[in-house]
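Notes for the one structure printed next.
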Amino acid sequence: MIDEIRKDAEQRMQKCVAAFGQALRKLRTGRASPTLLEHLQVEYYGTNVPLSQVSNVAVEDARTLAVTPWEKGMVAVIEKAIINSNLGLTPRSAGTVIRVPLPPLTEERRRDLAKLVRQEAEQGRVSVRNVRRDALNDLREALKEKMINEDQERQAHQQVQDLTDRFVAEIERLSDEKQKEIMEF
């Protein structure tokens, strides 16, 4: 019983950290990364599909992404999707290759992005704590129904707290790395 609650909490906390990592990958840091365009959807024969299913996205140099559509007719559609993405990017097509130069970030924009990273980190910590709350409620319920005794509940409570501390520390580490990356020139 206790192991099931602990394992469930651990899996859910891992998902919280993974979701935080995904949110961080979407933030533009001034350095070219294919994950920047990963979430873009393009219209392909009447259906919205991820950009990665209709093209190849590669890093050309430190500040340029190269998007190579698998069909020549997709060039204009992909350009439009990048322009409408609100990422502040201006694609330039050269035949069948779309180059997406990343403009350097201003100091003000870097601070705004760092602030956004801190907000995302707080949301990640809150979601991990919500998982902890659910696990502790499950433990209390098991104690009420006499499925476990008080010593087991106390020990399991400490295990869940240790899990929470570990995953919150992981979120902090990821947040600090991203903020350091953003503030680099």
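The values are calculated or read from the model by the stated rules, or taken from the named source; none is laboratory data. The model shown is predicted, which means the values in this text are computed figures rather than measured ones. Cβ placement follows ideal geometry from the backbone for every residue including glycine, while neighbour counts extend to all protein chains displayed.
Tell me yes or no: at least one residue of the stretch 164-174 is more than 15 Å from Asp8 (Cα to Cα) and in a loop (DSSP other than H, G, I, E, B). Scanning the stretch 164-174, I find no residue that is more than 15 Å from Asp8 (Cα to Cα) and in a loop (DSSP other than H, G, I, E, B), so the answer is no.
Of everything in the stretch 72-101 that is of a type outside the set (A, V, I, L, M) and within 21 Å of Arg31 (Cβ to Cβ), the residue that is surrounded by the most Cβ atoms within 10 Å (Cβ to Cβ) is Pro91. Could you tell me whether any residue of the stretch 24-44 is β-branched (Val, Ile, Thr) and under 30 Å from Arg166 (Cβ atoms)? Checked the stretch 24-44: at least one residue is β-branched (Val, Ile, Thr) and under 30 Å from Arg166 (Cβ atoms).
Look at Gly21 and say whether it is under 19 Å from Asp176 (Cα atoms), in the same structural domain as Arg166 (by TED's automatic domain parsing) and in contact with a Cys (Cβ under 8 Å, 6 or more places away or on another chain). Answer is no for this residue.
Of the residues examined, Leu40 is not one that is surrounded by 14 or more Cβ atoms within 10 Å (Cβ to Cβ), in the same structural domain as Gln179 (by TED's automatic domain parsing) and under 24 Å from Ala18 (Cβ atoms).
Across the stretch 57-66, the number of residues qualifying as within 10 Å of Val100 (Cβ to Cβ) and either crowded, with 20+ Cβ neighbours inside 10 Å or in contact with a helix residue (DSSP H, G or I) (Cβ under 9 Å, 6 or more places away or on another chain) (or both) comes to 2.
Take the conditions out of contact with any Lys or Arg (no Cβ under 9 Å at 6 or more places or on another chain) and in a helix (DSSP H, G or I) and apply them to Lys115. Does it pass? Against the criterion (out of contact with any Lys or Arg (no Cβ under 9 Å at 6 or more places or on another chain) and in a helix (DSSP H, G or I)), Lys115 qualifies. Every condition in (1) within 30 Å of Glu177 (Cβ to Cβ); (2) over 19 Å from the mean Cα position of the chain (by Cα); (3) surrounded by 14 or more Cβ atoms within 10 Å (Cβ to Cβ) is met by Pro69 except one, and the failing one is (1). Here the condition is being in contact (Cβ under 8 Å) with a residue 40 or more places away in the chain and among the hydrophobic types (A, V, I, L, M, F, W, C); of Met147, Met74, it holds for Met147 alone. Considering only residues in the stretch 102-113 that are touching a residue at least 12 places away in the same chain (Cβ under 8 Å) and surrounded by fewer than 18 Cβ atoms within 10 Å (Cβ to Cβ), the one that is nearest to Asp176 (Cα to Cα) turns out to be Pro104. Going through the stretch 132-151 one residue at a time, which ones are closer than 20 Å to Val168 by Cα and either among the basic types (Lys, Arg) or not in a helix (DSSP H, G or I) (or both)? Result: Arg132, Arg133.
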